[in-house]
Every structure is written in structure tokens, then in C-alpha cells.
1. What tally of residues in the range 38-55 results from selecting those that are over 14 Å from residue 11 (Cα atoms), touching a strand residue (DSSP E or B) at 6+ places or on another chain (Cβ under 6 Å), not in a loop (DSSP other than H, G, I, E, B) and not β-branched (Val, Ile, Thr)?
2. Between a residue in the range 1-27 that is in contact (Cβ under 8 Å) with a residue 24 or more places away in the chain and in a loop (DSSP other than H, G, I, E, B) and any residue that is of a type in the set (D, E, K, R) and surrounded by 11 or more Cβ atoms within 10 Å (Cβ to Cβ), which pairs come within a Cβ distance under 6 Å, given they are 6 or more apart or on different chains?
3. Before we move on, is residue 32 in contact with a strand residue (DSSP E or B) (Cβ under 7 Å, 6 or more places away or on another chain) and among the acidic types (Asp, Glu)?
4. Just for the range 56-82: of the residues that are part of a helix (DSSP H, G or I) and not acidic (Asp, Glu), which one is surrounded by the most Cβ atoms within 10 Å (Cβ to Cβ)?
5. Within the set of pairs 6 or more residues apart or between chains, which connect a residue that is at negative phi inside the range 39-54 to a residue that is of a type in the set (Val, Ile, Thr) and surrounded by 13 or more Cβ atoms within 10 Å (Cβ to Cβ) with Cβ atoms less than 7 Å apart?
Amino acid sequence: ETKLRRAEGFLYNGNKVKLTLQFRGREMEHKDLGIDRINAARDELLGVGSADMDARLVGRQVTMVLSPLPESKRSLKFNQSKDDIDDTDDFESEEIEENAESSIKDSEVSDS
């Protein structure tokens, strides 16, 4: 669910998303389950994106690329509002600013 929420946020912001499922060991015997899982994820994200191609098995991986829908047709399912999508970016920028301020203070203390 977390991965789908993040993918929905990327699609809502107009970015493409590549879904990849990697098989390990004996999982190769159940390729159909992996393809079903990727298709289920695609169905969950239909409100914000559409598949460029069907799920494709390449070696030990199943991949699918999703493109965002036009802005007027996008609807959120996992994120309640657009603010939920932007919160992580705000947190990261605040953290960077705090780190920069603390390094400036440290350099001022060492200069004295």
C-alpha cells in the first residue's frame, strides 16, 4: 500500500512510474501470480495513470510502465489530498535547511 501511495503521488505530479517485480529462486514457477500482482497494481492506479504496455516478463523480472492521465482526469485514491503528496518534499527541504544552519553555526563557533 505504501508503494502504491508513492506511485500515485508521482503520477499525480505528472511523472511516469515503472513497476518492477523481481522473481527469486523458485518463484519463476509462478510467473502468472507475478503478472497478476502487477496488473492489480495497475488497476489500483487507474485514477491517476494508464499503462503504456501490458506487463512484460524479461528474464526474472516483470515490468510495466504507467503514464499520468491528463490533469483534468486525475483522481486520488490512496492520498486524501494533494497536500499529502507534498508533505514529504517539505520535510526534506526543512531538514536540508536545518543542516545548513547548523553547519553555519559550527563554522562560526570554530572561527571565534
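1. 0
2. Going by the 6 Å Cβ cut-off, the qualifying pairs are 23/60.
3. Working: in contact with a strand residue (DSSP E or B) (Cβ under 7 Å, 6 or more places away or on another chain): no; among the acidic types (Asp, Glu): yes.
The answer is no for residue 32.
4. So, considering only residues that are part of a helix (DSSP H, G or I) and not acidic (Asp, Glu), the one surrounded by the most Cβ atoms within 10 Å (Cβ to Cβ) is 82.
5. Close Cβ pairs (under 7 Å, with a partner that is of a type in the set (Val, Ile, Thr) and surrounded by 13 or more Cβ atoms within 10 Å (Cβ to Cβ)) amount to 49/17; 52/65; 53/65.
Any read-out appearing in this document is the output of simple, stated calculations on the displayed coordinates, not a laboratory observation. Remember, it's a predicted structure, so these values are computed and weren't measured experimentally. All Cβ positions, even for glycine, are placed from backbone atoms using ideal geometry, and neighbour counts span all protein chains on display.
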